[in-house]
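Reading through the structure tokens given below for one structure.
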Amino acid sequence: ERSDRSEEQVSGAKVIAQALKTQNVEYMFGVVGIPVTEIAVAAQELGIRYIGMRNEQAACYAASAVGYLTGRPGVCLVVSGPGLIHALGGMANANMNCWPLIVIGGSSERSQETMGAFQEFPQAVRSSIYGRPGACYVDIPADFVTLQMNVNSIKYKECCMPPPVSMAETSAVCMAASVIRNARQPLLIIGKGAAYAHAEESIRKLVEQCKLPFLPTPMGKGVVPDNHPNCVSAARSRALQSADVIVLFGARLNWILHFGLPPRYQPDVKFIQVDICAEELGNNVRPAVTLLGDINAVTKQELASKKSLPMNYYTVFYHVQEQLPRDCFVVSEGANTMDIGRTVLQNYLPRHRLDAGTFGTMGVGLGFAIAAALVAKDRNPGKRVICVEGDSAFGFSGMEVETICRYNLPIILLIVNNNGIYQGFDTDSWKEMLKCEDATTGAPPICLLPDSHYEQIMAAFGGKGYFVQTPEELQKSLRQTLEDTTKPSLINIMIEPQATRKAQVNIAKQKEGKASTP
Ligand code: ADP
Ligand code: MG
């Protein structure tokens, strides 16, 4: 009926293949037959990999796994009737796994009007990968496959955009951060949703910065490597049982996780649920906090919210450890500063750590650091001395900064400053207290003057002083001091005045306690 014979004709099958190609589909699995064989041929011609399988069920399993692995839906190509019925197992499995999948089935011929169904293609791709990923089915009438069309009359919908990334509500992010911070025994459970979300980088950071133990589900394995020191897989039951706060990253509280219920869990365990699917939130348990959004984005939100808060010991030492040269001398004194520092800061050489020692003496640090700097200068040129001091400990021998400067020893002094001995006040609470009290009668004896600028002591003698309040400032000042091998420096690191060490849990005690409560 067309008048313009010069225009190239194209078959419906080719149009389907091109539409898939335009949507960045790379793989097609299937069992061909009438009327879909032409679609497989056309797909192959366009560079889509076609893998012919022996049963639609296996083809469908394969296509859904490709979707999980690549983030773009795999296609399963089937004939109508029995082909589609066989594919149902794979579709159900993809849906249960939340994996994207497009099943294309050929049905019998239809009248031309319904061919508009072809327009469902971009929607099909979108519905498989947007929101909670899953399976979708596109039915192609047989007469569409064989139809010849004018090539110029076809407009392919451009590739749909990658799934929009949604973030959780800010208040929920803060609440989650506070619940995790106050946890006695927190645990992250990393599921295949986290794997699918490509959240490995951000989750690893969270694990390491917050010193959080984690447990992968079977397919969450490898998001953070199994051999990571914080992986508690080897003690799975114990980890689940003793956690008081559990963060679920793309893992559902189904049978795999014993429904989140006792006796496998503490009856009062607080769940923080991160999921992209609102309907999943609150399934089986009543979560303490729900974070609706993409796991990678939400994890970054959590990391950012941590940055805006005052740092704690673990944040500080995490960043220090990242930059410490392996062969440096570490001198340390203080209470929490020394105790927590010991667990995070690594030593790789003998006789390279000096601290308060057997006698638990405060005030030894700067003398030790001076000695180490001299030994380094004479015998190991280039080795650095890092002296990690609590603010109170520093006070015992702070004037030795003058000695350090007089001999120009390039020692790096870090003061982890919590405004006190063990704990302190923040500036506002201190001022508030002074309004009604004489400090000698009212101030807790453990408090030191808040926000003291110890770095100015170093500056007073010609060394370099830094006052830091955020991880970024800490990273930057550490980098600068390590680069400058000619000068002593002091970094005064402000942390949360109430920051403490994570409680050490005695599981045996805890159980006794539980048994005796009615
Ligand atoms: P596992 O078997 O590893 O426990 P599940 O399949 O039970 O994992 O849970 C995966 C969860 O991840 C699903 O609830 C799904 O909605 C969710 N999910 C999938 N992709 C994302 C994403 N990008 N961001 C957040 N949640 C996601
Ligand atoms: Mg202190």
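What follows is calculated from the coordinates using simple rules that are stated; it is not laboratory data. Since we're looking at a predicted model, the values are computed, not measured. Heads up, the Cβs are rebuilt from the backbone with ideal geometry, glycines too, and the neighbour counts pull from every protein chain shown.
With r as the distance between the Cβ atoms of residue 472 and residue 238 and R0 = 45 Å, compute the FRET efficiency 1/(1 + (r/R0)^6) and round to 0.05. Efficiency at R0 = 45 Å is approximately 0.75.
Let me know the charge dipole size of the stretch 180-279 about its Cα centre in debye, to the nearest 20, where only the beta-carbon of Lys, Arg (+1) and Asp, Glu (-1) is charged. Rounded to the nearest 20 debye, it is 240 debye.
When the helices of the chain are scored as -39500 (n - 2.57) per DSSP H run of n ≥ 4 and the total is divided over every residue, the value at 222 nm lands at -11500 deg cm²/dmol. Taken over the stretch 17-168, the convex hull of the Cα atoms encloses 106 Å³ per residue. Within the same chain, aspartates and glutamates fewer than 8 places from residue 270 are excluded, and of the rest, those with a Cα less than 18 Å from its Cα are 244, 280, 302. What you get for the chain, charging only the Cβ of Lys and Arg (+1) and of Asp and Glu (-1), is a dipole of about 1340 debye around the Cα centre. Evaluate the Debye formula for the chain with equal point scatterers sitting on the alpha carbons, no solvent, and hand back log10 of I(q)/I(0) at q = 0.09, 0.13 Å⁻¹, in q order, two decimals. The Debye formula, applied to the Cα set alone, gives -0.78, -1.16. For the listed residue pairs 221/300; 464/487; 14/155, the alpha carbons are over 18 angstrom apart in 221/300. Coordinate range of the alpha-carbon atoms in the stretch 337-462 per principal axis, descending: 57, 33, 22 Å.
With the cut-off at 1.5 for a/c, could you classify the stretch 292-380 from its C-alpha gyration tensor as rounded, prolate or oblate? Judged from the Cα gyration tensor, the stretch 292-380 comes out prolate (a/c at least 1.5, a/b above b/c).
Normalised Debye scattering of the stretch 115-206 at q = 0.24 Å⁻¹ gives log10 I(q)/I(0) of -1.34, counting only Cα atoms as equal scatterers and leaving out solvent. Within the chain, which is the longest segment containing none of the chymotrypsin sites (Phe, Trp or Tyr not before Pro) that sit in a DSSP loop and have at most 11 other Cβ atoms within 10 Å? The longest such stretch corresponds to 1-347. Relative to the longest principal axis of the Cα atoms of the chain, the long axis of helix 120-129 lies at roughly 30 degrees. Among the listed pairs 383/476; 205/383; 211/377; 377/476, those whose Cα-Cα separation exceeds 32 Å are 211/377.
Just want the answer: with Cβ charges of +1 for Lys and Arg and -1 for Asp and Glu, which residue in 166, 232, 390 is farthest toward the dipole's positive end in the chain? Farthest towards the positive end: 232. Computed extension gain for residue 226 through residue 264, at 0.36 nm per residue and net of the alpha carbon distance, reaches 11.5 nm. Please name which of 416, 442, 430 has its Cα lying farthest along the dipole of the stretch 411-470 towards the positive end, using unit charges on Cβ (Lys, Arg +1; Asp, Glu -1) and the Cα centre as origin. About the Cα centre, the residue reaching furthest to the positive side is 416. This model, with +1 at the C-beta of Lys and Arg and -1 at the C-beta of Asp and Glu, gives the stretch 345-446 a dipole about its Cα centre of some 760 debye.
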